[in-house]
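Novice: What follows is a single structure, and I will ask about it in a moment.
Just so you know, all these numbers are worked out from the coordinates, no wet-lab data involved. Everything numeric in this text was worked out from a predicted model, so none of it was measured. A quick note on method: Cβ atoms are made from the backbone with ideal geometry, for glycine too, and the neighbour counts reach across all protein chains shown.
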Amino acid sequence: MKHLLKLGDLTGEDIIELLNLADQLKYEKKNGIEHKYLSGKSLGMIFEKASTRTRVSFEVGMYDLGGHPLFLSSNDLQIGRGEPVEDTARVLSRFLDGIMIRTFDQEEVEALAKYGSIPVINGLTDYAHPCQVLADLLTIREHKIKLQGLKLCFIGDGNNMANSLIVGCIKCGMKVAVACPDSNKPDAEIMKWAAENGEFICTSDIMAAAEDADVVYTDVWASMGQESEAEERKKIFAGYQINEDVMSSAKKDAMVLHCLPAHRGEEITADIFEKHADEIFDEAENRLHAQKAVLVKLMRD
Ligand code: CP
Ligand code: NVA
């Protein structure tokens, strides 16, 4: 594993190895065991979109590991003024030991990896959010002890989260059901791959998708970059909310996860959010532990 560009590049074994390493790092952190495995290493963190969790967890993660994080906003970088990503990649490779990037086009992340000579980590694109899904799988495994055979139901927009959850869950032997309007399905190639490699359905029937689910997951209806479509999207996704009705179709002990930030009253009711807040904030915390595993795996000598 040289980069983390998308989960499709990893095997199920790679994912489980990262989760096991995350468990170890979490144990060490909780027990005050120093783990400065990246002493002397620098990580550049390029942000072309906003972030709370990704920025803070990568920054604290590098600190915990003894390394140095650099926050690089595209507003301040020459990349924001049109310097080609191919040149940025080669320059940053001369200074840094790794790059995390949050941007729009998956192609930009792939180009950074192609032209640079250091590990590149995708911190979210319009296509994928692999770091989030590693934290999600870690959280599900902590709460349910296993992954194999569990059913995850994703409700809402067939967006970056849906794409990465489908791939990550199927690779770990989970079943996936997506409930979304016909107009907003996940990536067609990912759905084809999922149907050929595991148990996968995509339906507009939210109750059918949630039936006997062990994990019910949702994300915002308007992702970053789609703010101007927010009102229109509220109409499109009106029936696609996690609420009491939907939860009555899932297993009694089903978990609810949300990558955050959440919009109560839109993709999830305030009641369901609060009822499952412990799971959702465990999930947020696990961004730190899962990403530290990625950093160690990619950047340790
Ligand atoms: N879930 C997530 O990636 O959060 P941020 O946008 O705050 O980084
Ligand atoms: N789909 C959301 C995820 C945020 C973590 C977005 O791209 O804005």
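Novice: Hey, among I272, I280, I190, which residue is in contact with a His (Cβ under 6 Å, 6 or more places away or on another chain) and either part of a helix (DSSP H, G or I) or within 16 Å of ligand 2 (Cβ to nearest atom) (or both)?
Specialist: Just a single option satisfies the conditions, and that option is I280.
Novice: Going residue by residue through region 78-99, is there one that turns out to be within 15 Å of ligand 1 (Cβ to nearest atom) and not hydroxyl-bearing (S, T, Y)?
Specialist: If we filter region 78-99 for residues that are within 15 Å of ligand 1 (Cβ to nearest atom), which is where we start, we get none.
The answer is no, given that none of the residues of region 78-99 is within 15 Å of ligand 1 (Cβ to nearest atom) and not hydroxyl-bearing (S, T, Y).
Novice: Another question about this same structure. Of all the residues that make up region 120-136, how many are touching a His at 6+ places or on another chain (Cβ under 6 Å) and either near ligand 1 (Cβ under 10 Å from one of its atoms) or assigned to a loop (DSSP other than H, G, I, E, B) (or both)? Lay out the reasoning, then the answer.
Specialist: Quick first cut of region 120-136, residues touching a His at 6+ places or on another chain (Cβ under 6 Å) only: 120.
From what is left, the residues that are either near ligand 1 (Cβ under 10 Å from one of its atoms) or assigned to a loop (DSSP other than H, G, I, E, B) (or both) are none.
Residues flagged as touching a His at 6+ places or on another chain (Cβ under 6 Å) and either near ligand 1 (Cβ under 10 Å from one of its atoms) or assigned to a loop (DSSP other than H, G, I, E, B) (or both) within region 120-136 amount to 0.
Novice: Residue check: is M299 more than 14 Å from ligand 2 (Cβ to nearest atom) and over 25 Å from H3 (Cα atoms)? Don't jump to the end; show me each part of the working.
Specialist: On the way: more than 14 Å from ligand 2 (Cβ to nearest atom): yes; over 25 Å from H3 (Cα atoms): no.
No, not satisfied.
Novice: Same structure again: Go through region 3-19 and report how many residues are over 12 Å from K297 (Cα atoms) and outside any helix (DSSP H, G or I). Write out each step before concluding.
Specialist: Here is the first cut: in region 3-19, the ones over 12 Å from K297 (Cα atoms) are 5-13, 16.
Filter once more, so that each one left must be outside any helix (DSSP H, G or I): 5-6, 10-11.
Looking only at that region, the number is 4.
Novice: So, one more: Quick check on region 243-263: of everything there that is within 16 Å of ligand 1 (Cβ to nearest atom) and part of a strand (DSSP E or B), which residue is farthest from V220 (Cα to Cα)?
Specialist: Among residues in region 243-263 that are within 16 Å of ligand 1 (Cβ to nearest atom) and part of a strand (DSSP E or B), the one farthest from V220 (Cα to Cα) is V256.
Novice: Read through the list (1) of a type in the set (D, E, K, R); (2) more than 16 Å from ligand 2 (Cβ to nearest atom); (3) buried (at least 23 other Cβ atoms within 10 Å of the Cβ), then give the number of the only condition that D253 fails.
Specialist: Result: D253 passes all but (3).
Novice: Just one of G123, G98 is touching a Leu at 6+ places or on another chain (Cβ under 7 Å) and either buried (at least 21 other Cβ atoms within 10 Å of the Cβ) or at negative phi (or both); which is it?
Specialist: G98
Novice: May I ask you to list the residues in region 215-242 that are within 18 Å of S164 (Cα to Cα), assigned to a loop (DSSP other than H, G, I, E, B) and not β-branched (V, I, T)?
Specialist: The answer is D219, W221, A222, S223, M224.
Novice: Okay, next question. Right, L25: of a type in the set (A, V, I, L, M), more than 16 Å from ligand 1 (Cβ to nearest atom) and surrounded by fewer than 21 Cβ atoms within 10 Å (Cβ to Cβ) or not?
Specialist: no
Novice: Of all the residues that make up region 181-221, how many are without any contact (Cβ under 8 Å) to a residue 12 or more places away in the chain and surrounded by 13 or more Cβ atoms within 10 Å (Cβ to Cβ)?
Specialist: 1
Novice: Still on this structure: Anything in region 43-76 that is away from ligand 1 (no atom under 16 Å from the Cβ) and crowded, with 18+ Cβ neighbours inside 10 Å? List them, or say none.
Specialist: Hits for region 43-76 are G44, D64, L65, G67.
Novice: Okay, moving on. Looking for whichever is closer than 20 Å to N20 by Cβ, more than 12 Å from ligand 1 (Cβ to nearest atom) and not polar (S, T, N, Q) here; the options are I145, I166. Which one fits?
Specialist: Testing whether each residue is closer than 20 Å to N20 by Cβ, more than 12 Å from ligand 1 (Cβ to nearest atom) and not polar (S, T, N, Q) leaves just I145.
Novice: Looking at (1) of a type in the set (D, E, K, R); (2) surrounded by fewer than 16 Cβ atoms within 10 Å (Cβ to Cβ); (3) out of contact with any Phe, Trp or Tyr (no Cβ under 9 Å at 6 or more places or on another chain), which is the one condition that is false for D105?
Specialist: Every listed condition holds for D105 apart from (3).
Novice: So which residues in region 20-65 are in a loop (DSSP other than H, G, I, E, B) and within 15 Å of ligand 2 (Cβ to nearest atom)? Give the steps one after another, and end with the answer.
Specialist: Of all residues in region 20-65, those in a loop (DSSP other than H, G, I, E, B) come to 31-41, 48-52, 65.
Those that are in a loop (DSSP other than H, G, I, E, B) and within 15 Å of ligand 2 (Cβ to nearest atom): E48, K49, A50, S51, T52.
Novice: Taking the conditions exactly as written (away from ligand 1 (no atom under 16 Å from the Cβ) and of a type in the set (V, I, T)), does I280 satisfy them or not?
Specialist: Details: away from ligand 1 (no atom under 16 Å from the Cβ): no; of a type in the set (V, I, T): yes.
Answer is no for this residue.
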